[in-house]
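One structure is given below, encoded as structure tokens.
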Amino acid sequence: PKIMLMRTLHMVLELGGFGFYYAQCISVVHEYVGIHGCSETDGEDMHGLDEEEMWHADFNQKRGVVTLPDFANPLEFPQYYETSVIEMTGCKSDEAFLSKVFKSPPPEMDAPHTSIYLKDDVELGVQNTLICHVTGFYPPSLSISWTVNNANVTEGISLSRYRPRADGSFNIFSTLKFTPAEGDIYSCTVNHIALQGQPQTKILDIDVALPSVGPAVFCGVGLTLGLLGVAAGTLLLIKGNNCN
């Protein structure tokens, strides 16, 4: 795409209520975040609270998706998807106009920061999950790939949606389900426009420390020598008594 329009709305909400335990008036501050953006071919419309996504428009499936857990009284977003479709039409019209006026200016960019870690402690032969966390990037468009022992992996992978941060940048998670084997090497590679053709790769070696046998061997040898010493001393004592 030549240009991407992105509008992020931050709004501080102050909700008043009564504390359940103390029956006193309390005030809770929350931050609403709305993201509306488009390019020539794509669109994004998301609503969130306190950096957690609540709802987004899925323009491929032509429906709105509530991403909050199923609470006793779930939130509803009536007519949100229909409104998103109208907004995307206007956004793409503005994008085409601004591309001509500004002749596709270079986009604002922030490079991502990538880390890789395990969900659980490693146990050989027991299924685990690797997590690749990418944060602090803008615009919200990148690719994540996995390898094991330098071979590309395509199964057992999941990818979260882009999640906004308070500073206007984004987070995303990719996970890989795997069964660890001693010596395996896993890598997560991230490619983003701000990296200028130099992808970030993070590597994790599966190295399970085996219990050391050294102390047990030394203790066994020491105990054996000690018993031999006791036996030799006893024998000499008996011989000495016989000589007397």
Please give the length that would be gained between S93 and L75 if that part of the chain were fully extended, namely 0.36 nm times their separation in residues minus their C-alpha to C-alpha distance (nm, one decimal). 3.3 nm
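Count neighbours as other Cβ atoms within 10 Å of each site's Cβ, and list the GluC sites (Glu not before Pro) in segment 44-102 that are DSSP loop with at most 11 such neighbours.
Numbers: sites: E44, E51, E52, E53, E76, E82, E87, E95; in loops: E51, E76.
Loop-located and lightly packed - E76.
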Once phi is turned into ³J(HN,Hα) by the Karplus curve 6.51 cos²θ - 1.76 cosθ + 1.60 with θ = phi - 60°, what whole-Hz value does each residue of segment 82-97 show in order, with x for glycine and proline? 4, 5, 4, 4, 5, 5, 5, 4, x, 4, 5, 5, 5, 4, 5, 5
Which of the aspartates and glutamates could be linked to K92 by a straight reach, that is with a Cα gap under 14 Å, when you skip same-chain ones fewer than 8 residues away? E40, D42, E44, D45
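Quick one: E155, E40, fewest Cβ neighbours within 10 Å first, how do they rank?
Numbers: E155 8, E40 12.
Ranking E155, E40 by Cβ neighbours within 10 Å, fewest first, gives E155, E40.
Taking R0 as 30 Å, what FRET efficiency do you get between D50 and D207 from their Cβ-Cβ distance, rounded to the nearest 0.05? Spell out each step's value before the answer.
Details: r = 38 Å, r/R0 = 1.27.
Once rounded, the FRET efficiency stands at 0.20.
Only the coordinates and a few stated rules stand behind these numbers; no lab work does. Note that the structure is predicted; figures quoted are calculated from it, not measured. Backbone-built Cβ (ideal geometry, glycine too); neighbour counts: all protein chains shown.
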